[in-house]
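Student: Structure in structure tokens, see below.
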Amino acid sequence: MDAAYIPPAPAFRVEPPFDPSALPDCPAVFVVRLGDARPYLGRTSALRHRLTRLLSEAAPGSRRLNLSQLASAVECYLACGQIPAALLYYRLARALFPDEYSQMVKLRFPAYVRLLMSNAYPRTEVSIRLSGSPAVQYGPFPARAAAESFEGELLDQFQVRRCAEDLSPSPDHPGCIYGGMMRCLRPCQEIVSADEYRGEARRMEQFLATSGMSLIEAVRAARDSFSAALDFEQAQRQHERLQRIEAALKLSGGLATDVSRLSGVTAYPSVVAGHVDLYFMLEGAWLEPACFPVSASSGATAAPMDRRLRELHMSLTRPAIAARERAEHVALLARWYYSSYRDAAWLPFEAGHPPYRKLVHAISKAAAAAAAQPR
């Protein structure tokens with residue numbers, strides 16, 4: 001088992017005789033140990049209420065699940081938010097049930113647009129899988145339909161092939177309608193060389209790696225140049241092209257990017273007084289939460305918060321995980337980000353450049369929420 005999935009120590013452990021009324025009624029993930037039998041893993045927004053139902057004697061004939069006669073101990077992990085609870089549940093399920101945790105967590109993998117650079121003649125596809133082979137994987141999208149629409153708009157901006165066949169270029173190849181419409185470089189008919197076609201694919205790769213900025217800047221420059229030359233017809237065409245590109249990027253839902261660059265952070269109240277928990281994702285992998293003190297240690301040399309955040313970020317390293325595990329991490333993020341119950345701000349950043357000012361504000365908000373919670 002990868003060290004990234006070793007769950008933390010429980011906040012507290014309860015043993016028989018059970019008295020659920022003494023427990024806090026707060027969000028938590030818990031494990032009911034059943035001796036040598038398979039444990040029961042649960043997640044709840046009201047720990048006291050849930051364990052009271054599980055561990056109290058049931059009325060005769062009741063069909064309610066009752067573990068009072070089987071439970072040997074209960075391990076409780078407090079979770080002050082949706083992301084903390086989701087990651088705790090995922091890691092505990094992965095540790096306790098390695099063969100079936102995916103079904104327990106109910107992971108639904110989002111859609112990505114992949115540019116297959118390992119192909120001799122690169123092409124795109126929409127997939128819910130992350131590949132370990134050389135490819136640009138852009139996502140996650142809020143829905144597969146959004147990914148397919150984005151792929152269509154992307155292919156309208158570049159002359160990359162839309163066919164999925166393994167090409168054997170020949171002047172006698174029949175080609176397709178997109179080649180006749182000048183929307184493909186027609187490598188199948190040897191109209192361009194493999195290197196020339198790959199150059200067009202690299203332009204698309206740069207578009208995805210920069211979330212469209214490489215092409216947006218070029219189109220803006222062309223529009224302004226035509227406008228300065230009083231060629232308003234061409235300037236209008238470039239402006240319309242720019243609008244189409246920006247509309248396509250809106251299909252990403254605000255989260256999609258090159259998955260190898262997918263990094264961000266969110267802040268939640270901590271169970272430790274005077275602290276907040278920072279949940280970092282680096283390059284598509286969740287890190288263990290960082291318990292961050294809101295106030296620096298007293299003294300004239302106390303470091304300001306932004307400096308402490310920079311030092312914390314510099315100490316972070318992405319865990320080495322397989323493509324399947326990274327897909328699970330991104331799926332957890334996408335499910336929360338695109339949900340109606342998102343309860344904290346997600347602050348994306350490029351590698352090495354976290355938005356420190358926004359993060360300070362998020363920390364202050366999480367600290368205020370922690371102070372308002374009853375203890």
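Student: Condition first: on the phi < 0 side of the Ramachandran plot and surrounded by fewer than 20 Cβ atoms within 10 Å (Cβ to Cβ). Now tell me which residues in region 348-362 satisfy that. Walk me through how you get there before you give the answer.
Tutor: Filtering region 348-362 for residues on the phi < 0 side of the Ramachandran plot gives 348-351, 353-362.
Of everything in region 348-362, those that are on the phi < 0 side of the Ramachandran plot and surrounded by fewer than 20 Cβ atoms within 10 Å (Cβ to Cβ) turn out to be Pro348, Phe349, Glu350, Ala351, His353, Pro355, Tyr356, Arg357, Lys358, Val360, His361.
Student: Next question. State which residue is surrounded by the fewest Cβ atoms within 10 Å (Cβ to Cβ) when the search covers only region 196-225 and only residues that are β-branched (Val, Ile, Thr) and in a helix (DSSP H, G or I).
Tutor: Initially, region 196-225 is screened for residues β-branched (Val, Ile, Thr), giving 210, 216, 219.
Restricting the remaining residues to those that are in a helix (DSSP H, G or I) gives 216, 219.
Numbers: Ile216: 17, Val219: 21.
If we take residues in region 196-225 being β-branched (Val, Ile, Thr) and in a helix (DSSP H, G or I), then Ile216 is surrounded by the fewest Cβ atoms within 10 Å (Cβ to Cβ).
Student: Quick check on my filter: what residues within region 111-126 are in contact (Cβ under 8 Å) with a residue 40 or more places away in the chain, under 11 Å from Gln137 (Cβ atoms) and part of a loop (DSSP other than H, G, I, E, B)?
Tutor: Answer for region 111-126, where residues must be in contact (Cβ under 8 Å) with a residue 40 or more places away in the chain, under 11 Å from Gln137 (Cβ atoms) and part of a loop (DSSP other than H, G, I, E, B): just Met117.
Student: Something else about it: Exactly one condition in (1) surrounded by 15 or more Cβ atoms within 10 Å (Cβ to Cβ); (2) outside any loop (DSSP other than H, G, I, E, B) is not met by Arg13; state its number.
Tutor: Single failed check for Arg13: (1).
Student: Which of the residues belonging to region 316-375 are in a helix (DSSP H, G or I), at pLDDT below 95 and of a type in the set (Ser, Thr, Tyr)?
Tutor: Listed by number, the residues that qualify are Tyr356, Ser364.
Student: Counting only residues that are in contact with a Ser or Thr (Cβ under 7 Å, 6 or more places away or on another chain), surrounded by fewer than 18 Cβ atoms within 10 Å (Cβ to Cβ) and at pLDDT below 90, how many does region 250-287 have?
Tutor: Residues in region 250-287 being in contact with a Ser or Thr (Cβ under 7 Å, 6 or more places away or on another chain), surrounded by fewer than 18 Cβ atoms within 10 Å (Cβ to Cβ) and at pLDDT below 90: 1 in total.
Student: Working carefully through the options Leu255, Leu309, find the one that is assigned to a loop (DSSP other than H, G, I, E, B) and in contact with a helix residue (DSSP H, G or I) (Cβ under 6 Å, 6 or more places away or on another chain).
Tutor: Details: Leu309 fails: assigned to a loop (DSSP other than H, G, I, E, B).
Only one candidate qualifies: Leu255.
Student: Tally the residues that are farther than 12 Å from Leu70 by Cβ, in a loop (DSSP other than H, G, I, E, B) and among the small types (Gly, Ala, Ser), restricting the search to region 19-58. Spell out how you get there, then give the answer.
Tutor: Applying the first criterion (farther than 12 Å from Leu70 by Cβ) to region 19-58 yields 19-31, 41-53, 56-58.
Checking the rest, the ones that are also in a loop (DSSP other than H, G, I, E, B) come to 19, 23-27, 45-46, 56-58.
Imposing the further condition that a residue be among the small types (Gly, Ala, Ser) reduces the set to 45-46, 56, 58.
The number of residues fulfilling the criteria is 4.
The values are calculated or read from the model by the stated rules, or taken from the named source; none is laboratory data. Computed from a predicted model, the values in this text were never measured in an experiment. Note: ideal-geometry Cβ built from the backbone for every residue, glycine included; neighbour counts use all protein chains shown.
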